[in-house]
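The values are calculated or read from the model by the stated rules, or taken from the named source; none is laboratory data. Keep in mind that what you see is a predicted model, and the values were worked out from it rather than measured. Don't worry about glycine lacking a Cβ; one is built from the backbone with ideal geometry, like all the others, and counts go over all protein chains shown.
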Amino acid sequence: MIVCKFGGTSVGDAEAIRRTARIIASRLDQQPTVVVSALGGTTNLLLEIAAQAERGQLIPALRSVEALRDRHLQVASELLGDSDGDELAAEIGAMHDELASLAEALSVLGHLTPRSLDAVASFGERMSSLIVAATFSASRIPARHVDARRVMVTDDQFTRAEPLPDAIAEAARAHLTPLLRDGQVPVLGGFIGATAAGVTTTLGRGGSDYSASLLGAALKAEVIEIWTDVDGMMTADPRVVPTARSIDQVGFEEASELASFGAKVLHPFTIAPAVRIGIPVRVLNSRKPDGKGTLITFDAPRRPVTAIAGKSAVTLVKVQSPRMLLTEGFLRELFAIFERHKTSVDVVATSEVSVSVTVDDASRLEESVGELRELGTVAIERHRGVVALVGAALSESSEAMSRALRAIGGARLHMLSLSATGINLTMVVDGDEVTPLVQRLHAEFFGDR
């Protein structure tokens, strides 16, 4: 049994969905379960519809709903024709009517709650999974659409719901295992779920990868395939380093680090459920289905540097306090403040009397600053960036680290951290230095021609 997840570009239009159908047809003997994202760009438009409605801009919101309806109906018509697609068109139409009613309600209330936002954002995957399942059936693939909200059970932290693995495993056994046993192909939307009471939730942006991994763990799949528009994981972002090359095999820890530090191929949470029970993950290109892609597994080759990742728009927070010296519990107090304000900390460095951390999402940082100042002097440095060297054997090679420091040249280094596992050397630099540093480091370790 395998789980195949197709991202927005892999189901972005009629031709992309046809390619997806051909890929699944070639894997029927492996009992695939299929997870799909929304059609490319749909989720962004849905979030804009919600925002317009909240601002009272009902007419623009409804125009966007109609544009979305036209796009989905056009794709369905191209795939199934007008006569064969009548039932699907009726379902799509009804869902857009429901979406329009939600927009009207939000414009009256003038207030958008996280629960309402999840309800709006869920429509993309709900519609795409219906279209993909119908296309599979028309292609003589024994597909069965399954509403993901019946399987992906979560808590009620709307917009970033936490999945409940035991409940998901039980629901998968009830709703998916019988279909697989009968030779059918379940098709579900990713990203969306529901509470035990049936209220729609989402797993956060990029959550379709996470959905696939959770389902793979629940079903004890042999492999989880992530189908995207690149040839697997790369030695660097090819938009930054055109000479970046694909990596045949990487370790779970390496893949997780690369995803966390900006690699766009995988959502950062994707690997965790697969790691828990040792399910290999393969990243493949839906436009080149015969390609080898990247296999993510426990027994990957150990290299000093496997890849280089970078991200900009990082905020550096420095807290300095004499209280830290020989004081127990200081760090616990500091991180408790970030936890209370739901601010995720990334890179950490400490000295005897100071702590420096990086924050990706600084939207709630101002709420934390007042409490942080009770601990000591606080400095906020915005427009920073992070460049990371990732390799399973990095800490075993002092040469690799010295080469990295030589390669950064005269760039200003605000913070340097070697991860506890020794797999990641992280450098915090000025935001506008991220791209040139990634390019220089890639040339140093991969001999760009």
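For A259, the criteria (1) closer than 30 Å to R382 by Cβ; (2) among the aliphatic types (A, V, I, L, M); (3) in contact (Cβ under 8 Å) with a residue 24 or more places away in the chain hold in every case but one, which is (3). Say whether the condition of being under 23 Å from K220 (Cβ atoms) and either outside the structural domain of L219 (by TED's automatic domain parsing) or charged (D, E, K, R) (or both) is met by at least one residue in the stretch 183-203. Looking for residues that are under 23 Å from K220 (Cβ atoms) and either outside the structural domain of L219 (by TED's automatic domain parsing) or charged (D, E, K, R) (or both), one finds none in the stretch 183-203, hence no. The single residue among T270, T358 that is closer than 23 Å to A161 by Cβ, crowded, with 19+ Cβ neighbours inside 10 Å and among the hydroxyl-bearing types (S, T, Y) turns out to be T270. Screening the stretch 164-234 for strands (runs of 3 or more DSSP E) wholly inside it with 2 or more residues that are in contact (Cβ under 8 Å) with a residue 12 or more places away in the chain and within 15 Å of V35 (Cα to Cα) returns the ranges 185-189, 192-194, 223-228. The strands (runs of 3 or more DSSP E) found wholly in the stretch 248-299 and carrying at least 1 residues that are touching a Pro at 6+ places or on another chain (Cβ under 9 Å) and farther than 21 Å from S37 by Cα occupy 249-251, 294-297. Filtering the stretch 357-391 to residues that are touching a residue at least 60 places away in the same chain (Cβ under 8 Å) and polar (S, T, N, Q) leaves only T358. Among the conditions (1) hydroxyl-bearing (S, T, Y); (2) in contact with a Ser or Thr (Cβ under 7 Å, 6 or more places away or on another chain); (3) modelled with pLDDT of 85 or more, T270 misses just one, which is (3). Criterion applied to V386, V378 was being more than 26 Å from V305 (Cβ to Cβ), at pLDDT 90 or above, in contact with a strand residue (DSSP E or B) (Cβ under 8 Å, 6 or more places away or on another chain) and buried (at least 16 other Cβ atoms within 10 Å of the Cβ), and the one residue passing it is V378.
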